[in-house]
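J.: First the structure, then my questions, so here it is.
The values are calculated or read from the model by the stated rules, or taken from the named source; none is laboratory data. These numbers were taken from a predicted model, which means no experiment stands behind them. Please note: Cβ atoms are built from the backbone with ideal geometry, for glycine as well, and neighbour counts cover all protein chains shown.
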Amino acid sequence: MGLATPLSYLCSGVVLNIISQLITDTSFSAPEAHIIPAVKFTATLVGAALRRPRGVRPAATPSQRRLMAAIGLLDASAYTLYCLGFFACGATLANLLLSGVGQVLTAALTRWVLRRRLTGGQLAGIAFVGLGLAVRAAPAFLLGAAAPNDGGAAAGAALSREQLVGAALVGLAALLYSILGVAYEKLLKGEPAPPPNAEIMWHVSILGFLASAAYQALYTLPNWDRLVAQRMAASGTSPRYLVALLALFGALFNLHMLVQAAVFKTEGAIGVGLVNAVRGAVITVTVAALFCSPARPHLCLTPQTILSAAITTVGGAVYVLAGSGQQPPQPAKAAAHGAAAEDKKDK
């Protein structure tokens with residue numbers, strides 16, 4: 001496949017986070033309005049509907065339908081928690097925690113649920129990730145990053161109460177996403193063969209869409225003036241600018257999921273994990289360059305955040321590269337190999 005698709009996956013993820021930060025910066029609504037999750041679930045459902053096969057669609061088994069419903073529930077819950085955490089702690093910390101905590105939890109679930117043994121290199125990668133998170137969570141003065149004369153950017157290394165709550169929400173989202181990953185792997189590698197990606201995305205997105213639509217109808221719309229209208233007027237944001245950002249966010253999210261599926265199909269979890277590990281560092285630098293200001297010191301680069309991003313990225317790279325030689329055989333290849341062995345035995 002070359003580097004084109006992984007780079008597209010990396011770039012789409014970085015741009016998606018920049019757009020998310022731009023939307024957050026407009027302060028057009030209260031976090032509890034859950035506008036961004038509504039846009040995400042609507043966009044992915046529409047995208048899946050447009051890509052679903054015409055005519056007779058491959059039927060999913062009852063167990064596959066139950067698994068897709070569970071994945072949809074996990075996705076809806078995890079993304080809602082992540083959005084609330086993103087609002088509170090910003091793109092840099094949210095992505096660092098999601099990738100770092102998610103990797104550690106996925107490794108644990110891989111070991112205890114899927115019964116896979118981890119190599120020494122993978123354990124070393126997990127240790128690096130844990131160290132990187134510890135560096136970011138440590139009080140700033142331990143590293144000398146919050147000296148009184150250092151200004152707002154350095155002081156931003158210390159986490160406020162709101163950011164700590166946001167970090168906890170992102171950590172919980174990472175747990176749900178890790179469980180989702182195990183369920184998704186079971187769906188993809190189980191028997192019989194899974195439905196096409198568009199069919200999976202339709203079944204996964206529809207639950208989040210229905211839950212989001214119900215929430216908007218029962219809570220957001222009745223409280224629209226308090227949750228959206230007043231904040232929109234106070235922010236001075238142009239409605240056209242906001243609609244354009246939300247539309248771009250929805251379209252790019254679909255593209256990001258398509259490219260992710262392509263990377264996963266050709267490179268497996270190793271390729272996806274490596275790109276995500278690199279993405280955290282790229283987002284840290286990019287968001288700091290675009291959004292750092294005295295009013296938002298938590299988005300600025302400090303020795304602490306740079307060190308944390310570097311260690312976490314190294315840990316992610318070590319973890320995925322250590323497992324590069326242990327990719328499980330694909331079901332079709334394994335079946336062909338087994339059939340060849342049986343034929344040889346009969347002869």
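J.: Taking region 296-325 on its own, how many of its residues are surrounded by fewer than 17 Cβ atoms within 10 Å (Cβ to Cβ), of a type in the set (Gly, Ala, Ser) and at pLDDT below 80?
T.: Going through region 296-325 one residue at a time, the tally reaches 2.
J.: Related question: Among what's in region 73-125 and is more than 25 Å from Lys40 (Cβ to Cβ), buried (at least 20 other Cβ atoms within 10 Å of the Cβ) and small (Gly, Ala, Ser), pick the residue that is modelled with the lowest pLDDT.
T.: Only one residue tops the list, namely Ala107.
J.: Another question, then. Tell me which residues, restricted to region 36-61, are within 23 Å of Leu176 (Cα to Cα) and more than 18 Å from the chain's Cα centre (by Cα). Please lay out each step first, then the result.
T.: Looking only at region 36-61, we keep the residues that are within 23 Å of Leu176 (Cα to Cα), and these are 36-45, 48.
Passing the criteria: only Ala48.
J.: Just give me the residues in region 197-225 being without any contact (Cβ under 8 Å) to a residue 12 or more places away in the chain and of a type in the set (D, E, K, R), in sequence order.
T.: Hit for region 197-225 is Asp225, nothing else.
J.: Could we say that Ala69 is in a helix (DSSP H, G or I) and exposed (fewer than 14 other Cβ atoms within 10 Å of the Cβ) here?
T.: On the way: in a helix (DSSP H, G or I): yes; exposed (fewer than 14 other Cβ atoms within 10 Å of the Cβ): no.
No; evaluated as a whole, the condition is false for this residue.
J.: When you go through Leu16, Leu109, Leu22 one by one, which is the residue that is within 14 Å of the chain's Cα centre (by Cα) and at negative phi?
T.: Working: Leu109 fails: within 14 Å of the chain's Cα centre (by Cα); Leu22 fails: within 14 Å of the chain's Cα centre (by Cα).
Of the residues listed, the single one that is within 14 Å of the chain's Cα centre (by Cα) and at negative phi is Leu16.
J.: Also: Output the residues belonging to region 45-88 that are closer than 30 Å to Gly171 by Cβ and among the hydroxyl-bearing types (Ser, Thr, Tyr).
T.: Listed by number, the residues that qualify are Ser77, Tyr79, Thr80, Tyr82.
J.: Taking region 235-276 as the search range and keeping residues that are among the hydroxyl-bearing types (Ser, Thr, Tyr) and part of a helix (DSSP H, G or I), which one is modelled with the lowest pLDDT?
T.: The first filter runs over region 235-276 and keeps only residues among the hydroxyl-bearing types (Ser, Thr, Tyr), leaving 235, 237-238, 241, 266.
Checking which are part of a helix (DSSP H, G or I) leaves us with 235, 241, 266.
On the way: Ser235: 89, Tyr241: 94, Thr266: 65.
Only one residue fits best here, namely Thr266.
J.: Considering only residues that are buried (at least 21 other Cβ atoms within 10 Å of the Cβ) and in a helix (DSSP H, G or I), which ones fall in region 188-206?
T.: Ile200, Met201, Trp202, Val204, Ser205, listed by residue number.
J.: Here's a follow-up. Restricting attention to region 226-238, and to residues there that are free of Cβ contacts under 8 Å to residues at least 24 places away in the same chain and over 14 Å from Ile35 (Cα atoms), which single residue is surrounded by the most Cβ atoms within 10 Å (Cβ to Cβ)?
T.: Initial filter on region 226-238 (free of Cβ contacts under 8 Å to residues at least 24 places away in the same chain): 229-230, 233, 236, 238.
After this cut, where a residue has to be over 14 Å from Ile35 (Cα atoms) as well, the list is 230, 233, 236, 238.
Values: Gln230: 13, Ala233: 11, Gly236: 9, Ser238: 11.
Within region 226-238, the match that is surrounded by the most Cβ atoms within 10 Å (Cβ to Cβ) is Gln230.
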